[in-house]
Amino acid sequence: MLKTPRNKISSRVVLTLLIYIFLPLQVSAQEEPTNNTSSNSYPSDSAQAWLVKMSDAVKSLNYSISFILLKPGVDSQPYLWRHGVNEDGIEMEQLNLLNGPGREVVRIGNKVSYFEPNVPPYSLQSSIINGPFPSEIFQRPEKLMQSYEFIMVGRSRISGRSAQQIRIISKDKSRFGFNVWLDQETGLLLKMNMFGHEAQLLEQIQITGLQVTKEPDPFFAKIEPEMLPDVVSFSPSAPLNSLWTIGYIPTGMTIVKRDFRRLSGSGEVVEYIMLSDGLVDVSVYLQKRDGNTSQENLVGTVQSDTLLTIEHGELNITIIGKLPAATANAIAKSVRRNN
Amino acid sequence: MSQKFENLSALVDGEHDALTSSNSNVLDAVKNDADLKLKWVSYHLIRDGLRKELPVNINFDIADKVAQALESEPAILAPKKTWRDLPLVGSVVPFAKQGGQMAIAASVAVAMIIGVQQFNQSDVDQPFNAAPPIPGIQGGLSPVSFDQTRDIPNSSAVEQRRRINAYMTDHKQQLRFKTIQLSNGESVIPDQNIKNEEAQPDIVENTPQ
């Protein structure tokens, strides 16, 4: 008879422990009203509206986010990502790889400074940090709508927070899909999966900690903008007279860069073309094949990048990027000589 | 009353036999009178004591006291025999009761774990198990014209490996400098110094020798 209460107590203890175990990692958000100043013309429950909300939140809120980048075959990479807007309305952003010797990127306005081991620090004139996130999902979500369908999937719980899941699928099925989970409250990204055609996961970003604050993180106050390395300037590339044309470019992709480059690794001169749809950047290398550069055709994946290299006509074509091998092959096979 | 006791006393002492008729009267009276019955017992006890004939163990009759105690005892109903009274079950059931709440807690945990697992199953387990942790070229995706024959000269394979590494390095650089329109060829950036700290493609294991 005396045992019953004790049983109840002990089971309650167990339950409480379980609840604590399964409680969110260390996600704590201080209340911050969501920014509603966007020109959000989409219905409030549409995927487009959510993307615009995310974009606004990423650009306007003061937050500190910890996330982990997972790729097949390599160790997980933990990052710290902080963002703030100072009194002058200038965006400040920091991205720090937390494992190993580290890599720190600081952006103040349009100046992005890279601090990396074994390389003198340098700055670039840019409004984004080229990190693990797709380059333009935060900056210009509208652009993605040309190439991708956005599908509202539903709500779930990510990182201990209520999240809205959105599936992003390329319209012509020529690229990998994405699943993103956005914070219900702030619109910030909580999780992002890149998946292949059989829904197998190829790459994952998982936020593990999220703090939204009224004031920018004190870290930004310590930065002295004049101490940052100088911006490396590039002269705009001259118009290119190429002999070659890519016949097939997947829907929504455009050529964002095209030049001749000397590869720093091999010293060979190649024609370089970058295709981008805002989410995925693909490098296409065209190299004229002379007698002794015979090579075998290869396709494979390096981490989450697909690498394809084939002989095509008088060219060796190499394509690297996060896209299915079949698409890479179709692009490579469509290269033809200008008339 | 006293006459009655006197007769009884005489009878016990064996001095009443002269009067046979009254003798039987006394005996009848003793049979019917509770007081006389008690007196009968005590007179005999006294007589035995006086004659030093007391037994070693005086066996007082406690039957009526027990009967009386049973009368005043509250009724205790013996529980019906159920399957719980079977020896094994009887010992298991309390334990099961004890463990019941633990079991609920445990099943909640299991449900959560299963839920979490299912929730993440397609996400985490499959791909990272499916993709073997080998950096470098893998034939994992649909081969385009996958003709990895072994008669390729060694120098050519090395050459190609070097070239692919160069492409990978360049690709990562291009992504890094994406927002910038690079000028032709060599740029102001110390290209040759920028090593990507992320795992470089290592094709040594995968390229046939």
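The values are calculated or read from the model by the stated rules, or taken from the named source; none is laboratory data. This is a predicted model, so every value here is computed, not measured. Note that we place each Cβ from the backbone using ideal geometry, even for glycine, and neighbour counts take in every protein chain shown.
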field: Search result, residues across the range A:164-179 that are under 13 Å from A:LEU51 (Cα atoms) and without any contact (Cβ under 8 Å) to a residue 60 or more places away in the chain
entry: A:GLN165, A:ARG167, A:ASN179
task: State which residue is modelled with the lowest pLDDT when the search covers only the range A:209-236 and only residues that are surrounded by fewer than 16 Cβ atoms within 10 Å (Cβ to Cβ) and of a type in the set (Gly, Ala, Ser).
output: A:SER235
query: Listed residues A:ILE169, A:ILE246; which is among the aliphatic types (A, V, I, L, M) and within 30 Å of A:ARG337 (Cβ to Cβ)?
result: A:ILE246
Residues (surrounded by 15 or more Cβ atoms within 10 Å (Cβ to Cβ), within 9 Å of chain B (Cβ to nearest Cβ) and in contact (Cβ under 8 Å) with a residue 40 or more places away in the chain) located in the range A:115-137: A:TYR122, A:LEU124, A:SER135
query: Any idea how many residues of the range A:288-339 are more than 7 Å from chain B (Cβ to nearest Cβ), of a type in the set (D, E, K, R) and surrounded by 18 or more Cβ atoms within 10 Å (Cβ to Cβ)?
result: 2
task: Scan (1) crowded, with 22+ Cβ neighbours inside 10 Å; (2) more than 14 Å from chain B (Cβ to nearest Cβ); (3) under 23 Å from A:ASP281 (Cβ atoms) for the single condition A:MET192 breaks and write down its number.
output: (2)
field: Filter pass, A:LEU210 being in a strand (DSSP E or B), in contact (Cβ under 8 Å) with a residue 40 or more places away in the chain and in contact with a helix residue (DSSP H, G or I) (Cβ under 8 Å, 6 or more places away or on another chain)
entry: no
